[in-house]
Amino acid sequence: MATFESSVKQIPYAQQSVYEKLSDLNNLEQVKDNIPDDKASELEFTHDTLSLNVPPVGKISLKIIEREEPKTIKFETLQSPMPFNLWIQLLPVTESSSKMKLTIKADMNPFLKMMVAKPLQEGIEKIADMLAMVNYE
């Protein structure tokens, strides 16, 4: 099992506010326009799922499989060239700020891990950066 983690991101919003927005994926519709088409396209959101096309990887669909209010949201792949799980972890810092870390766990052989480790690490970091910039009010 290979594990990839983002760095810890500081978010200037309360943990509960961040959790409430991220636990309903419809709320991420606002970030659609901030993502360049060469990084991801065909973004679609429902309450529990998100789908996107990531060149050159292809179509990826994720579904929320567990919510632990207000600290964790867990996803698994519905469609992906490589099955994986994703966790969003949220911790309070103060009453009006929190911190977030993303983790991906994927079952892959060592050869595949060598090929995808760098792009996957860069990808999870960019997703974390993007989520840290969302307005959670």
The conditions are (1) out of contact with any Lys or Arg (no Cβ under 9 Å at 6 or more places or on another chain); (2) within 19 Å of Lys126 (Cα to Cα); (3) of a type in the set (A, V, I, L, M, F, W, C), and Leu86 fails exactly one of them. Which is it? (1)
Which pairs turn up if I take residues in segment 2-14 that are within 17 Å of Tyr136 (Cα to Cα) and touching a residue at least 60 places away in the same chain (Cβ under 8 Å) and look for partners that are in a loop (DSSP other than H, G, I, E, B) and of a type in the set (Ser, Thr, Tyr) with beta carbon separation below 6 Å, at least 6 apart in sequence or on another chain? Tyr13/Tyr136; Ala14/Ser96
Being within 14 Å of the chain's Cα centre (by Cα) and either part of a loop (DSSP other than H, G, I, E, B) or of a type in the set (D, E, K, R) (or both) narrows it down to one residue among Lys39, Lys63, Lys59; which is it? Lys63
What do you reckon, is Ser61 open to solvent by less than 60 Å² (accessible area, probe 1.4 Å), among the small types (Gly, Ala, Ser) and more than 20 Å from Met1 (Cα to Cα)? yes
Mind telling me which of the residues Glu69, Glu42, Glu29 ends up being modelled with pLDDT of 90 or more, more than 20 Å from Met1 (Cα to Cα) and open to solvent by 40 Å² or more (accessible area, probe 1.4 Å)? Glu69
Going through segment 25-64 one residue at a time, which ones are closer than 18 Å to Leu102 by Cβ and touching a His at 6+ places or on another chain (Cβ under 9 Å)? Leu25, Ile64
May I ask you to list the residues in segment 85-132 that are surrounded by fewer than 19 Cβ atoms within 10 Å (Cβ to Cβ), outside any helix (DSSP H, G or I), of a type in the set (A, V, I, L, M) and without any contact (Cβ under 8 Å) to a residue 60 or more places away in the chain? none
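The values are calculated or read from the model by the stated rules, or taken from the named source; none is laboratory data. The model shown is predicted, which means the values in this text are computed figures rather than measured ones. Because the Cβ atoms are built from the backbone with ideal geometry, glycine has one as well, and the counts that use them run over all protein chains shown. Each accessible area value is taken on the protein alone, full model and side chains, heavy atoms only, with ligands, DNA and RNA left out. Shrake-Rupley method; radii C 1.70, N 1.55, O 1.52, S 1.80 Å.
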